[in-house]
Amino acid sequence: MPVIRIFKLLPRGHQIAIGALSTAMAVLVMVPTESAQASRDRTERPVVEGAHRQLPLKVEDQPLVDDGLPDRELVVRVNAGDTLSSIFARNGFSSSLLHDISQLGADADQLKQIHPGERLTFFLDKKGQFKALSYPLDVARTLEIRQTTGGGLHSRIISAELEHRTQYAQAEVNSNFWNAGISAGLNPGQILSLAAMFAWDLDFALDIRAGDRFAVLYEQRYKDGIHVDTGDILAAEFINQGKVYRAVRHDDGNYYSPEGRAMRKSFLRAPVNFSHISSNFNPRRLHPVTGQIKAHRGIDYAARTGTPVVAAGSGVVVESGYNQFNGNYVVIRHDGTYLTKYLHLHQRTVNKGERVKQEQQIGTVGATGRVTGPHLHYEFLVNGVHQDPKTVKLPQSAILSRAELARFKPKAEQLLVQLDRVSEVMLARQ
Ligand SMILES: [Zn+2]
């Protein structure tokens, strides 16, 4: 790559800045190729799950109090500054009706949170007397208040069932993981979720390579054929440097391997989120100070000052201090075996003796101590010996209980079959 040759000719001080710039340029250059290669076949071949079912949503679909008089509908738009009482007064409804509604309880209390632009629909009889009121709470739910035959009021929430469709996205990584996600049609939240699912197995900041592939099954929610919401990732596969990782969502909201082992493990592979890391795909990573490869026993994450640094695992802060070499640094003891160190921090947000949870922020990336540019220097020690946190063998995570496994397995197998199909389609296209 010509970029690297230029890089070497420059004085050391400029390398970091230029490195970041060339990454950005490489990213820009790669984008069109990637969009072309990534496939996006969701409308042509959707893996449909569940049936389209719709419950009555509109109040007028149901018979109101039958007094033989035709109904009249009054649609009121909520304006800025409107309150329920101003709307009632403006449209000639009594304050006693308003009072009765306010006594209906939690469901009806949602009327107290009306916002400009929302819509209230009143149903009146021929004489203009109040019969019912409907207020959409969200895309699927409507609050309905109606007069009962006894003359009282009754409130309920009517839910329209949304149609769930399983859709898939897939891509091969060319420039970086983020771009591959975008080209596969995933939204930023889904890209972050996908990385979070595999954050205990893969260092998305430094280990993703060109040629890595992923396939994702996720849920889309529709109402009356119109897309209203993107749901969770149901299952995903990530092939990193030839190694296959798969995860399926269980109904407890967590992800498990096909065997039912929790994806969550004792240590994250990286203590910073990949989305903040400025360098991608540089296997010849140079140390920010010495300019050499593998200059010391740690991993350097070049990121902007202020980028959050999180605890790779839960434990106790055994050191939180400053010296001229490490700058601001934090050391966490996880148990008798594991210790992690975080150096050159801009800020430390934990104190010595403090207990921290996995993924809890402990500070921010900085350039304190003996450095030439902002980065996190991360060390992972097992029984006092430095190890590569990305390859070190860690204890296996817990497997689901027998009863949970019995619920997980059939659904997981079904999703994995679908994922296989997606994966095969992707391979066939290469
Ligand atoms: Zn370092």
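Strands (runs of 3 or more DSSP E) wholly in segment 338-430 with at least 1 residues that are open to solvent by 30 Å² or more (accessible area, probe 1.4 Å) and more than 16 Å from the ligand (Cβ to nearest atom) - which ones? Before you say what the answer is, go through the steps one by one.
Working: elements: 338-348, 361-365, 375-382, 385-387.
It comes to 338-348, 361-365, 385-387.
Inside segment 160-169, can you point out the residues that are among the polar types (S, T, N, Q) and buried (at least 21 other Cβ atoms within 10 Å of the Cβ)?
Gln167
Let's see how each residue does on (1) of a type in the set (Lys, Arg); (2) outside the structural domain of Asp71 (by TED's automatic domain parsing); (3) under 30 Å from Asp300 (Cβ atoms); (4) in contact with a Leu (Cβ under 8 Å, 6 or more places away or on another chain):
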site	(1), (2), (3), (4)
Ile145	no, no, no, yes
Asn179	no, yes, yes, no
Gln190	no, yes, yes, no
Trp200	no, yes, yes, yes
Asp224	no, yes, no, no
Leu234	no, yes, no, yes
Ile239	no, yes, yes, no
- Task: Quick one: which strands (runs of 3 or more DSSP E) lie wholly within segment 211-270 and hold at least 3 residues that are open to solvent by less than 30 Å² (accessible area, probe 1.4 Å) and modelled with pLDDT of 95 or more?
- Result: 213-223, 226-240
- For segment 324-341, how many residues meet the condition of being touching a strand residue (DSSP E or B) at 6+ places or on another chain (Cβ under 9 Å), more than 16 Å from Thr372 (Cα to Cα) and not β-branched (Val, Ile, Thr)? 7
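Quick one: which of Arg156, Arg141, Arg165 is modelled with pLDDT under 90 and either within 24 Å of Tyr222 (Cα to Cα) or assigned by TED's automatic domain parsing to the domain that holds Ala210 (or both)?
Working: Arg156 fails: modelled with pLDDT under 90; Arg165 fails: modelled with pLDDT under 90.
Step by step, each of Arg156, Arg141, Arg165 is checked, and only Arg141 is modelled with pLDDT under 90 and either within 24 Å of Tyr222 (Cα to Cα) or assigned by TED's automatic domain parsing to the domain that holds Ala210 (or both).
Out of the residues in segment 298-317 that are open to solvent by 50 Å² or more (accessible area, probe 1.4 Å) and either closer than 14 Å to Gln361 by Cβ or away from the ligand (no atom under 16 Å from the Cβ) (or both), state the one that is modelled with the lowest pLDDT. Break it down into steps so the answer makes sense when it comes.
Taking segment 298-317 first, the residues open to solvent by 50 Å² or more (accessible area, probe 1.4 Å) are 304-305, 314.
Add one more test, that the residue is either closer than 14 Å to Gln361 by Cβ or away from the ligand (no atom under 16 Å from the Cβ) (or both), and what stays is 304, 314.
Working: Arg304: 91, Ser314: 96.
In this case the residue turns out to be Arg304.
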- Task: Report, ordered by the first and then the second residue, all pairs with beta carbons closer than 6 Å, sequence separation of six or more or different chains, a first member in segment 299-311 that is in the same structural domain as His346 (by TED's automatic domain parsing), and a second member that is hydroxyl-bearing (Ser, Thr, Tyr) and buried (at least 22 other Cβ atoms within 10 Å of the Cβ).
- Result: Val309/Tyr342
- Item | Evaluation of Val289 against (1) open to solvent by less than 60 Å² (accessible area, probe 1.4 Å); (2) at pLDDT 90 or above; (3) of a type outside the set (Gly, Ala, Ser) (one fails), failing number | (2)
- Task: Mind listing just one residue for me: the one in segment 77-94 that is open to solvent by 70 Å² or more (accessible area, probe 1.4 Å) and of a type in the set (A, V, I, L, M, F, W, C) and, of those, nearest to Gln129 (Cα to Cα)?
- Result: Ala89
- Query: When only residues in segment 95-138 that are of a type in the set (Lys, Arg) and part of a loop (DSSP other than H, G, I, E, B) count, which is most open to solvent (accessible area, probe 1.4 Å)?
  - Reply: Lys127
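Within segment 310-337, work out how many residues are in a strand (DSSP E or B) and touching a His at 6+ places or on another chain (Cβ under 6 Å). It would help to see each step written out before you state the result.
Pass one, segment 310-337, residues in a strand (DSSP E or B): 310, 315-323, 327-333.
Checking the rest, the ones that are also touching a His at 6+ places or on another chain (Cβ under 6 Å) come to 315, 327.
Matching residues across segment 310-337 total 2.
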- Task: Could you please find all residues in segment 170-182 being open to solvent by 20 Å² or more (accessible area, probe 1.4 Å) and touching a residue at least 60 places away in the same chain (Cβ under 8 Å)?
- Result: Glu172, Asn174, Trp178, Asn179
- Kindly indicate whether Ala195 is closer than 23 Å to Ala302 by Cα and in a helix (DSSP H, G or I). yes
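The values are calculated or read from the model by the stated rules, or taken from the named source; none is laboratory data. The model shown is predicted, which means the values in this text are computed figures rather than measured ones. Cβ atoms come from the backbone with ideal geometry, glycine included; neighbour counts cover every protein chain shown. Side chains are part of the model used for accessible areas, which takes the heavy atoms of the whole protein and leaves out ligands, DNA and RNA. Shrake-Rupley method; radii C 1.70, N 1.55, O 1.52, S 1.80 Å.
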